[in-house]
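Trainee: What follows is a single structure, and I will ask about it in a moment.
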Amino acid sequence: MWPILLGAAAIWSYLADLISFGPLFSAPGMNDINSEIIGEIRELRRLTTWLLIVVPIALFAALGAGYWFGAHRSTPKLVSNPEYVPAARTRLPAVTSSGIPAVIDKSIAVLPFRDVSGDRQKSNVADDVQREILSKLAQLADLKVISAGSVMQQKALLTRSRRDVGQQLGVAYLLEGRVRRAGSRVSVNVQLIGAAREETIWEENYESELTDVFTLGSDIAKEVAEQLGVKPSLTGR
C-alpha cells in the first residue's frame, strides 16, 4: 500500500512543479529568467520524482521475492552414507537388564587364596601371593581384571557355585589358590576355572622360599596370561 502512496505523492509533486513554473513564462519579467536554469531544475525534479516511484516499488518487489523463496525453500534431507564409519568411543562396562555386569571373554577375578597351613605356620603369605598376582594381571591391557575390593564386596557369594560367582562379577574366568607354608618354604596350588561350565582350564603347583613369594606371584600371573592368550601389553596403570 505504501508504494502506491509514495507514487501518488510523486505524481502530485510533478504536477505542482508544472503549475508553479507556468506563471514564470507568462510573467512580464520572464525574459530576465535564465530559461536554461529553469530547464535543469525541472529535469532534476522529474528525476527525483521517478526515483521516489521506482525505488519503493523495487524494494517492495525484492522483499516479496525473498519471502516467497524463503517460504518455498526445501529443507535439506539427511542421507545415510554407507561409507561413513563413526568414530570409536570408549565403551562403558555392559550391564544386563538385571543389573548384573555382562561377561567379557578375556576377564578374570582372582579369588582370595586359602591358607591351608597348620595353625602355627599361618601368616599373610596367601594374601601376599594373591595381591602380587592381581597386581601383575591388572597391568595387562587386553585383560579385564576385577579388583580385590569388588571381589570382597561379593564375599558372601564365594560359597555359591562358580557359575554364580562369575555371573555376579561379570567375568569368564576365576583364579583360585591354596597356600601352604612349611618353615621357610611355601607351596602354592592354583587353578584357572572357566566360570560358565565350572571346569578347570589349567592347574599347577609352585614352590619357593618364603623370601621369594613376590617373584612366585609374578610367575603365576605370567602363566595365567599365557593360558588366556593375553599379550603382555601394559595398561599404564
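Any read-out appearing in this document is the output of simple, stated calculations on the displayed coordinates, not a laboratory observation. It should be emphasised that the depicted structure is a prediction, and the values quoted were computed from it without experimental measurement. Neighbour counts are summed over all protein chains in view; Cβ atoms, including those assigned to glycine, are modelled from backbone coordinates with ideal geometry.
Trainee: Starting with the fewest neighbours, write out Glu204, Glu199 ranked by other beta-carbon atoms found within 10 Å of each beta-carbon.
Mentor: Details: Glu204 14, Glu199 10.
Result, fewest neighbours first: Glu199, Glu204.
Trainee: OK, next. Cross-chain or 8 or more residues apart, Cα under 23 Å: how many lysine pairs in the stretch 104-228 fit that? Count them up, please.
Mentor: 10
Trainee: Near the amide H of Arg114, under 5 Å away, which other amide H atoms are found, from residues 5 or more places off or on another chain, if H is placed in the peptide plane?
Mentor: Under 5 Å from the amide H of Arg114 lie the amide H atoms of Gly177, Arg178, Val179, each far enough along the sequence or on another chain.
Trainee: Any idea what the dipole of the stretch 104-228 comes to, in debye rounded to 20, about its Cα centre with Lys/Arg Cβ at +1 and Asp/Glu Cβ at -1? It would help to have the intermediate numbers written out before the result.
Mentor: Values: 17 positive and 19 negative charges, 95 e Å.
So the dipole magnitude of the stretch 104-228 works out to roughly 460 debye.
Trainee: Rounded, prolate or oblate for the stretch 111-237? Axes are the square roots of the Cα gyration tensor eigenvalues, ordered a ≥ b ≥ c, and the cut-off for rounded is a/c under 1.5. Could the numbers behind the result be given before it?
Mentor: Working: a/c = 1.74, a/b = 1.26, b/c = 1.38.
The shape class here is oblate.
Trainee: Which of the three applies to the stretch 179-237, rounded, prolate or oblate, going by the alpha-carbon gyration tensor with a ≥ b ≥ c and a/c under 1.5 meaning rounded?
Mentor: oblate
Trainee: Please report Asp128, Asp212, Asp105 as a ranked list, fewest other C-beta atoms within 10 angstrom at the top and most at the bottom. Don't skip to the end; give the middle numbers.
Mentor: Details: Asp128 18, Asp212 13, Asp105 10.
Exposure proxy ranking, most exposed first: Asp105, Asp212, Asp128.
Trainee: Sticking with this one: Please state the shape class of the stretch 151-197: rounded when a/c is under 1.5, otherwise prolate if a/b exceeds b/c and oblate if not, all from the C-alpha gyration tensor. Mind showing how you got there, number by number?
Mentor: Details: a/c = 3.41, a/b = 2.08, b/c = 1.64.
Prolate, since a/c reaches 1.5 and a/b exceeds b/c.
Trainee: Let me ask something additional. Provide Val213, Val129 in ascending order of the number of other Cβ atoms located within 10 Å of each residue's Cβ, fewest first.
Mentor: Working: Val213 21, Val129 25.
Final ranking by Cβ density, sparse to dense: Val213, Val129.
Trainee: Show me the ranking of peptides 175-186, 107-118 by mean Cβ neighbours inside 10 Å, starting with the highest. Spell out each step's value before the answer.
Mentor: On the way: 175-186: 17.6, 107-118: 20.0.
My ranking of the peptides, most packed first, is 107-118, 175-186.
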